[in-house]
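Here is the structure we will look at, set down as structure tokens.
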Amino acid sequence: MGRILGPKCRLCRREGEKLFLKGERCHTSKCAITRRKYAPGMHGAKSGARLSDWGMQLRAKQKAKRIYHIGEAQFRIYFGKAYDSSEDTGEALLKQLEIRLDNVVFRLGFVSSRLLARQMVNHGFITVNGDTVTIPSFQVKPGDVIRFKDTKKETKLMMGIANKKGSETKSLPSWIVFDADKKESKILNLPKREDFIENVDDKLIVEFYSK
């Protein structure tokens, strides 16, 4: 399981854009990239050299890893599965990232970041088809029903979630449907290329690993 250690805002600054790693803070004036839109480090403000083709491929790969909070080893496994599939490699890779349970919880709109969504899964807040799942990388499939565990409703986090209506606070992807009354969601189908929201250049990632 990938973990981001150290200042997360430095990662956004390194990629030159907001990756929304800190949730609500990213939408305020406290966002680091709003104040310092240049790479971190002693020479960050002076760096402006054009990236080589390999450099652009590397940045695309690093950006995807940081958005979904995945380590290099796990990312390579995802790429290997995508490469061996009959689908377009880039699309198959992004699909695997999107159907991770922590990402699905984030997409529902109850939490402001994937890190918080991962914490919810790790701590047993989420059930899939009635069974508690504590593995953030668990991949959902069409027909799966995802709910917030009833026994966790008394916690501070769940009290906050209970007052929200996920489908109203954030537009849901077309492949997920949410029942506000039951506080549960269902996976209708696997995401397609037009469903991917994040600005990730999958072609550059494929080129990086194909060398």
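Report note on the peptides 82-90, 203-211: ranked by the mean count of other C-beta atoms within 10 Å, highest first, their order is 203-211, 82-90.
The range 87-127: percent of C-alpha pairs farther apart than 13 Å? Everything past 13 Å amounts to 52 percent.
Values quoted throughout were computed directly from the atomic coordinates according to the rules given, and no laboratory measurement underlies them. Remember, predicted model here, so these are calculated numbers, not experimental data. Here Cβ is always computed from backbone atoms with ideal geometry, including for glycine, and neighbour counts include all displayed protein chains.
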